[in-house]
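Scroll down for the structure; my scribbles are underneath it.
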Amino acid sequence: MKTVVPQTLRKLGRAAVSIGAAGLVFGATTAHADTTLYVGAYGGSFEQMLKKDVIPGFERANPGTKVVIVPGDSTTTLAKLQAQKGKAGMDVVFLDDGPMYQAIQMGFCGKLANAPVYQDLYDIARFKNGNAVAAGLIATGIAYNTRLFQSKGWPAPTSWKELSDPKYKGKLVMPSIKNTYGLHALLVESKLNGGSDANIDPGFREMEKIAPNVLSFDPSPGKIAELFQADEVGIAVWGNGRVQALRQQGIPVEFVYPKEGAVALSMAMCAVDKSANDALAQKFIQAILSPQTQAILAESQGVAPSNKKTQLSMAVAARVPSPAQIDKLVRVDWDIVNAKRAEWTQRWNRQIER
């Protein structure tokens, strides 16, 4: 997709406080600047949520501002950043945490401006050096087929170590290392067996024990839904939001936070370095972190709020990681992992996914 070049930002007037149509609190400009803010964001339901529930309020609170979504997954958006380097382009980007750390290392993300909302975030939502922040938090853990488990008389899984249990032979979905869920599984198995993000050998040894149980390495949501629905698969490494999506389809599946800890996956965002619209980009990020928008994200996308002050209904709270579960999420050192991922992918293809 061709990246549209935004107009030059005109000088903004002094901010005042205004409440947008979506109930969000933003600083409204007194001058009617003719400014377009380009936001690289996930497509699909996420894009529609922003357009319907977030952007109208932001535009009303900032007269003369128009927000344009440049849709794409993390890989596509990162590639666009690389293509536009040194040129005008996107002002804000949403990326998964792994690609976001790559973007930071490449110098694409500027520093976040100081704002009161950052004091209200969970520690795990903060990125080191202050170049990015998590808009929401997802947990990678274990999904299991309640109908199949009941028919087999199996207790619900509780540990990552159970993935190698022979009773699951041919009943496990393990996403490929090319997928974040599969990479998370490799990292956590390494840590549980004496390794670390920097010492991955124990993880590969454990994955060799798990591999005979794997029915599919295909991470596509449609394929996994089909396998669960047909009772062809009993257990999978998956995210809490994905599991909720399966449940909404009537598929008998539950999500488990393993006792050793689920792995954190951040839906991250940053202001693009040297954006002509930096002040507005900073305000947009702060708006996303407001409790009101955080509640919208949780309900629409199944992500846990990054802002501790977010109030959720009981129904929504039951679908996302709780504050106690957020505190137990396992962090990934993406600076180490990103440097090794290509090498690990080749090794995975040789040793695991054969």
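For the chain, the carbon plus sulfur part of the accessible surface works out to 50%, probe radius 1.4 Å.
Near Lys274, once Lys and Arg are set to +1 and Asp and Glu to -1 for all other residues with Cβ below 13 Å from its Cβ, the sum equals 0.
Stokes-Einstein diffusion for the stretch 225-296, with the hydrodynamic radius set to the Kirkwood value over Cα pairs and evaluated at 10 °C in a medium of 1.306 mPa s, equals 102 µm²/s.
Summary of packing: across the peptides 56-67, 127-138, 188-199, the per-residue average of other C-beta atoms within 10 Å ranks them, highest first, as 127-138, 56-67, 188-199. What does the charge add up to near Ile285, with Lys and Arg as +1, Asp and Glu as -1, over the other residues with Cβ less than 12 Å from its Cβ? Here the count lands on 0. Taking the Cα centre of the stretch 224-273 as origin and assigning +1 to Lys and Arg Cβ atoms and -1 to Asp and Glu Cβ atoms, the resulting dipole is close to 160 debye. The equivalent ellipsoid that matches the C-alpha gyration tensor of the stretch 159-251 spans semi-axes of 24, 14, 10 angstrom, in descending order. Summarising the strand pairing of the chain, around 70 percent of its internal DSSP beta bridges are antiparallel.
Normalised by residue number, the volume inside the convex hull of the Cα atoms of the stretch 59-117 is 124 Å³ per residue.
Over all directions, the average projected area of the alpha-carbon convex hull for the stretch 244-341 comes to how many nm²?
Its Cα hull, projected and averaged over all orientations, spans 8.9 nm².
Peptide packing: for 278-285, 224-231, the average count of neighbouring Cβ atoms within 10 Å per residue gives the ranking 278-285, 224-231, highest mean first.
Note on the stretch 55-173: the alpha carbon radius of gyration divided by the globular reference 2.2 N^0.38 Å gives 1.55. From most to least packed by mean Cβ count within 10 Å, the peptides 90-103, 297-310, 328-341 give 90-103, 297-310, 328-341. Per residue, the accessible area of the chain comes to 43 Å² when a 1.4 Å probe rolls over the protein heavy atoms.
Size descriptors for the chain (Cα atoms only): Rg and Dmax, in that order, 21.1, 67 Å. If only the Cβ of Lys and Arg carry +1 and only the Cβ of Asp and Glu carry -1, the dipole of the chain around its Cα centre is close to 420 debye. Per residue, the average separation of C-alpha pairs within less than 8 Å and at least 6 apart gives the chain a relative contact order of 23 percent. With a cut-off of 11 Å between beta carbons, the residues surrounding Lys171 carry a summed charge of 0, where Lys and Arg count +1 and Asp and Glu -1.
Measuring against 24 Å, Cα to Cα, the residue pairs Lys152/Lys191; Lys274/Lys328; Lys209/Lys340; Lys80/Lys283; Lys111/Lys191 contain Lys152/Lys191; Lys274/Lys328; Lys111/Lys191 as the ones spanning a longer distance. Treating each Cα of the stretch 214-264 as one equal point scatterer and applying the Debye formula with no solvent, the log10 of I(q)/I(0) at q = 0.20, 0.23 Å⁻¹ comes out as -0.69, -0.89.
Once backbone amide H atoms are built at 1.01 Å from N, Ala41 has Val70, Gly72, Phe94 as its partners under 5 Å, excluding neighbours fewer than 5 places away on the same chain.
The values are calculated or read from the model by the stated rules, or taken from the named source; none is laboratory data. Keep in mind the model is a prediction, meaning the values are calculated, not measured. Positions of Cβ are backbone-derived with ideal geometry, glycine not excepted, and every protein chain shown enters the neighbour counts. SASA here: full protein model, heavy atoms, side chains in, ligands and nucleic acids out. Shrake-Rupley method; radii C 1.70, N 1.55, O 1.52, S 1.80 Å.
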